[in-house]
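Inspection log for the structure reproduced underneath, given as structure tokens.
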Amino acid sequence: MPLHDSCPLPPADLPGAHARCFALGRATVVELHGEIDVFTVGKITADLDSATGQPVPHVIVDLRPVSFMDSSGLHLLNRAHRRARARSGGIQLVSDQPRIRQLLRLTALDHIPLSATLDDTHAVTARR
């Protein structure tokens, strides 16, 4: 089964954090939604693990639909980055939210490539 089929669209009324996965060129996009905190991070961990567990994973994590993120979400992003790098791949982040971008900077996660739009991130991925 292709990776992008392993994360079906969640029901519209699903509360809390959830993920939607789809292919974009050679990359797998994991689009995160809602509040990502200690109570909800478990709902999206398997989706990121699936994407970063592939051989030479190229993963784009879209954070634009995220309304809140605590240290649990930051830990998950750092873990996904390490998993992808261990498999000779990488992740890129997408966020146009000043609060999320500042949080990444303040917690030293700004070493992970970050773009404001999915198009910008995909353009970087396509050149690799």
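Read the figures in this text as sums done on the coordinates, not as results from a lab. In this text, all values refer to a predicted model and were calculated from it rather than measured experimentally. Virtual Cβ from ideal backbone geometry, glycine too; neighbours counted across all protein chains shown.
Which order results if SER88, SER95, SER50 are arranged by neighbouring Cβ count within 10 Å, fewest first? Intermediate values should be presented prior to the final figure.
On the way: SER88 9, SER95 22, SER50 18.
Ascending number of Cβ neighbours within 10 Å: SER88, SER50, SER95.
Please report ILE36, ILE100 as a ranked list, fewest other C-beta atoms within 10 angstrom at the top and most at the bottom.
On the way: ILE36 26, ILE100 20.
The most exposed by this proxy come first: ILE100, ILE36.
With charges only on Cβ, +1 for K and R and -1 for D and E, what is the dipole size of segment 27-83 about its Cα centre, in debye, rounded to 20? List each step's numbers first, then the result.
On the way: 5 positive and 7 negative charges, 46 e Å.
Roughly 220 debye, rounded to the nearest 20.
Could you put ILE112, ILE44 in order, starting from the residue whose Cβ has the fewest other Cβ atoms within 10 Å?
Values: ILE112 18, ILE44 22.
Fewest-to-most ranking of ILE112, ILE44: ILE112, ILE44.
Please give, to one decimal in nm, the separation of the simple spin-label points placed at ASP110 and SER72, each 7 Å out from Cα toward the Cβ.
Going from the ASP110 label point to the SER72 one covers 2.7 nm.
Given 0.36 nm per residue, what is the gain on full extension from ASP119 to GLN102 after removing their alpha carbon distance, in nm?
Result for the pair: 4.0 nm of gain on full extension.
Tell me which residues come under 5 Å, amide H to amide H, from SER115 once H is placed; ignore anything under 5 positions away on its chain.
When sequence neighbours closer than 5 places are left aside, the close amide H contacts are LEU93, VAL94, SER95.
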